[in-house]
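Heads up: the structure comes next, in structure tokens.
The values are calculated or read from the model by the stated rules, or taken from the named source; none is laboratory data. Because the structure is a prediction, the values reported are computed rather than measured. Quick reminder, even Gly has a Cβ in these numbers, built from the backbone with ideal geometry, and neighbours come from all protein chains shown. Remember, those area values only see protein heavy atoms, side chains included, never the ligands or the DNA or RNA. Shrake-Rupley method; radii C 1.70, N 1.55, O 1.52, S 1.80 Å.
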Amino acid sequence: MDIPLSEYLNTALQVAVKAGEVVKDAFYKEKDQKTKESYADIVTETDQAVEKLIISLLQEKYPTHRFIGEESTAEGKKVEWTDAPTWIIDPIDGTANFVHSIPQTCVCIGLSINKQIVVGVVHLPITGQTYSASKGSGAYCNDQKITVSKVKELKKSVVITEAGNSRDPQILATKMSNVHRVVEASHGVRMIGSAAVNLCMVASGSGEAYYEYGIHIWDFAAAGIIFTEAGGLLLDPAGGEVDFLSRRVMGACNQEIADQLSPLLNHIEFERD
Ligand code: IPD
């Protein structure tokens, strides 16, 4: 018997809240930190403990399901994403925010079936905002339905992006020149520090677009369905469909904004995950 998406969503919400309690508890304490691919790519013991907790709670309920987790994906290892029901987890998106006691840090839990994201929860335990969506049922922040902005001109828009974790000089130079052109063409650019929070903000009408190069599927799978259910377009920054393994994304509140933003960007190519 097919399980309704609402049941998966409720489970994801319960698990995200439990995981959020652990994050919240650790947020106000001294944090340990290790680095991954660069000195700006940080992981803490809390990231690892929270991912284990989320996987064990979901596994108990859905023993045949698969998992893609930020901390359990070995560095440089290809992501094995199949048609099977797969929970895609970022235990703490915005780890640098977490480490530096900036509240925009969240637990992300998404579910894909046939490689389509069908459920997403982004829970910010410090601010108390919980974004959620399931395919076809709209997007919510706590109990409030959310929708994207109606602005159609880039020069009347705010765009969110991130410098990301790479400290490769060429990559950074390209990202900064992109920011320069977007600032010139808009009301401004913001960097909040979490891909998932960025998408949820634009999903709620706070800003008109978000783009980033260098992210991974766990950073934006859960937020991606929240974004599209709020009426946003999730695309490749060069236009066309988003590819969750290509390490780049553009979320725009409408096609007009996407069409004005895309040509301003030098599109960075990463090896697919
Ligand atoms: C990071 C955040 C950040 C983005 C990085 C991500 P993490 O995720 O989403 O905003 O710029 O590309 O890796 O490491 O905090 O889970």
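Inter-part distance, region 257-271 to region 35-93, computed on C-alpha centroids, equals 28 Å.
Here is what passes the span test in the chain: the DSSP H helices with alpha carbon length of 30 Å or more along the helix axis and a Kyte-Doolittle mean of -0.5 or above are 5-27.
You can think of it this way: the chain between Ile102 and Arg190 has 30.2 nm of extra reach, that is 0.36 nm per residue less the Cα-Cα gap. Semi-axes of the equivalent ellipsoid for region 180-241, computed as √(5λ) from the eigenvalues of its C-alpha gyration tensor and ordered from largest down, come to 18, 13, 12 Å. In this entry, region 34-190 is assigned a mean projected area of 11.4 nm², taken as a quarter of its C-alpha convex hull surface.
Loop-located trypsin sites (Lys or Arg not before Pro) in region 117-152 (DSSP state other than H, G, I, E, B) with a sparse environment of at most 12 neighbouring Cβ atoms within 10 Å: Lys150. If only the Cβ of Lys and Arg carry +1 and only the Cβ of Asp and Glu carry -1, the dipole of the chain around its Cα centre is close to 460 debye. Summary: within the chain, the longest segment free of chymotrypsin sites (Phe, Trp or Tyr not before Pro) located in DSSP loops with at most 16 other C-beta atoms within 10 Å is 40-269.
Pairwise alpha-carbon distances in region 112-191 exceed 21 Å for 56% of all pairs. At full extension, Glu153 and Arg181 could sit 8.6 nm farther apart than now, given 0.36 nm per residue minus the alpha carbon distance. Of the GluC sites (Glu not before Pro) in region 185-273, the ones in a loop by DSSP (not H, G, I, E or B) with at most 14 other beta carbons within 10 Å are Glu269, Glu271. For the pair Glu21 and Ala238, label points projected 7 Å from Cα toward Cβ lie 4.7 nm apart.
Solvent exposure of Ile268, expressed as accessible area, is near 20 Å², computed with a probe of 1.4 Å over the protein chains only.
Its residue count N fixes a reference of 2.2 N^0.38 Å for the chain, and the Cα radius of gyration divided by that reference is 0.94. Under the combined filter of DSSP loop state and at most 14 neighbouring Cβ atoms within 10 Å, region 155-189 retains these trypsin sites (Lys or Arg not before Pro): Arg167.
A simple spin-label model places the labels of Asn114 and Ser38 3.9 nm from each other, with each point 7 Å out along Cα-to-Cβ. The stretch between Leu13 and Lys52, if pulled fully straight at 0.36 nm per residue, gains 12.4 nm over its current Cα-Cα span.
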